[in-house]
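Just below is one structure, and these are the notes that go with it.
The values are calculated or read from the model by the stated rules, or taken from the named source; none is laboratory data. Quick caveat: nothing in here was measured; it's all calculated off a predicted structure. Because the Cβ atoms are built from the backbone with ideal geometry, glycine has one as well, and the counts that use them run over all protein chains shown. Accessible surface areas use protein heavy atoms only, side chains included; no ligands, DNA or RNA. Shrake-Rupley method; radii C 1.70, N 1.55, O 1.52, S 1.80 Å.
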Amino acid sequence: MSPQHTSRQPIRVAHLIQYFAVGGLERMVERLAAASKRRGVDSVVIAYLGDGPVRAALEAAGVQTVLMSQGEGLHPALTWQLTSFLRRERIDILHTHHLGPVLYGAPAAVLARCRRVHTEHSHELYDRPRRRLVGAMMSPLADVVAVTPEISEFRRRFPGECRVIRNGVPLPDPDPQLRERGRALLGATDESFVVGCAARLSEEKDHAGLLDAFAELAVREPRAILACAGDGPLAEPLRARSAAAGLEDRVRWLGTLDDMPTFYAALDVCVLNSTREGLPLSLLEAMAFGVPIVATDVGGVGELLEGDAGVLVPPSQPSVLATELASLANDPTRAQTVGRRGETKVRAEYSVDRMADDYVALYRSLVRRRLPRVGMESAQCV
């Protein structure tokens, strides 16, 4: 065992992320830290590029947070700051998420003699040699986890093993009043056909293509409303685009919402038009409410929607997306069947409890294991 940990103490895990902003990765860490606490793991979540609402949510759940504000750019001193913190707080395991955190965090954990876990949420950022080098160094430096088999398969080009632990979401209890409140929030009637999208307003989510698809749907289906939850750098251009298309009365730009369950309960279909993804939490959350999904076949989405648990469409093809949305609008029985299949799959395979159990089992196995020596020369870039 490490110098910090004995069998009489709770395991201390520090999660390292970039931002406390609202995003799929950040919400996953929030839920894992809170659920791990209920399983006897003492967690702290560290961010180094920016504050945000997730920090308050973590602290409300009794999870310690730290902001080591560094700003954009490279910050070698962050590694030494992290090393000092890990030693002072007697952290047993550093759990990093995504490329930047492992770059700073893994050396700090080696210096502080902590065990290391790293979760890969996507592989789309391996677009430069130095990023591929970081990817190749992960397995010698940490136990690597992928959130989808597709990401794990991608990592076969690098040394070492990569296990799969799927993301998990809370499983809601039935509450008919949620839908009523959500429809009122969106200005929707019982007859409205509400298409919802919960995603950051950024290029890879392709809201522009979604607006093109919705413009086609609006011609075919006068009951249709598009509700977009989320914020991001493209907020103003997207609002201008929807106005230019004459969709002001049909599109709701909701920004960041604190009450996502009410949003999901209001939907007739949930859509994601991304050009790249890992395992989108927004789809899992909508499926948990029995909402049928139409999403692009990218990243781990294809596996998630296997077995008719949702409808897959190719990316960057708005007309195909519009056709599938119209099909569900005109066939409520099919929509209900797709929604039920998705809900069944999420409840069986993608719960927060299942995710937390798997990670806590990994943490416990690590603290029982002798701390290995790290040979940096063993990391090869393929």
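Residue-by-condition table, conditions (1) in a helix (DSSP H, G or I); (2) open to solvent by 50 Å² or more (accessible area, probe 1.4 Å); (3) under 30 Å from Leu111 (Cα atoms):
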site	(1), (2), (3)
Ala136	yes, no, yes
Ile151	yes, no, yes
Arg179	yes, yes, no
Gly182	yes, no, no
Glu191	no, yes, no
- Report, by residue number, each residue of the stretch 252-277 that is part of a helix (DSSP H, G or I), of a type outside the set (Phe, Trp, Tyr) and within 18 Å of Arg340 (Cα to Cα). Pro261, Ala265
- Yes or no: Arg55 touching a residue at least 12 places away in the same chain (Cβ under 8 Å) and surrounded by fewer than 21 Cβ atoms within 10 Å (Cβ to Cβ)? no
- Message: Tally up the residues in the stretch 36-82 that are farther than 27 Å from Gln9 by Cβ and either small (Gly, Ala, Ser) or part of a strand (DSSP E or B) (or both), please.
- Response: 8
- Message: So, in the stretch 230-246, exactly how many residues are small (Gly, Ala, Ser), more than 16 Å from Phe214 (Cβ to Cβ) and open to solvent by 60 Å² or more (accessible area, probe 1.4 Å)?
- Response: 0
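So if I check each of Ala243, Ala326, Ala286, Ala335, which one is within 17 Å of Ala199 (Cα to Cα) and outside any loop (DSSP other than H, G, I, E, B)? Talk me through it step by step, then tell me what you get.
Working: Ala243 fails: within 17 Å of Ala199 (Cα to Cα); Ala326 fails: within 17 Å of Ala199 (Cα to Cα); Ala335 fails: within 17 Å of Ala199 (Cα to Cα).
Result: Ala286 is the single residue among Ala243, Ala326, Ala286, Ala335 that is within 17 Å of Ala199 (Cα to Cα) and outside any loop (DSSP other than H, G, I, E, B).
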- Within the stretch 358-382, track down each residue that is at pLDDT 95 or above, closer than 27 Å to Leu279 by Cα and open to solvent by less than 80 Å² (accessible area, probe 1.4 Å). Asp358, Tyr359, Val360, Ala361, Leu362, Tyr363, Ser365, Leu366
- Check whether at least one residue in the stretch 214-229 is touching an Asp or Glu at 6+ places or on another chain (Cβ under 9 Å), assigned to a helix (DSSP H, G or I) and surrounded by fewer than 21 Cβ atoms within 10 Å (Cβ to Cβ), and report yes or no. no
- Message: Which residue is nearest to Val29 (Cα to Cα), if the candidates are limited to the stretch 88-124 and must be of a type in the set (Asp, Glu) and either assigned to a loop (DSSP other than H, G, I, E, B) or in contact with an Asp or Glu (Cβ under 6 Å, 6 or more places away or on another chain) (or both)?
- Response: Asp92
- Task: With respect to Leu328, determine if the residue is within 21 Å of Val22 (Cβ to Cβ) and either open to solvent by less than 10 Å² (accessible area, probe 1.4 Å) or without any contact (Cβ under 8 Å) to a residue 60 or more places away in the chain (or both).
- Result: no
- In this structure, is Gly168 more than 30 Å from Thr323 (Cα to Cα), in contact with a strand residue (DSSP E or B) (Cβ under 9 Å, 6 or more places away or on another chain) and either among the acidic types (Asp, Glu) or modelled with pLDDT of 90 or more (or both)? yes
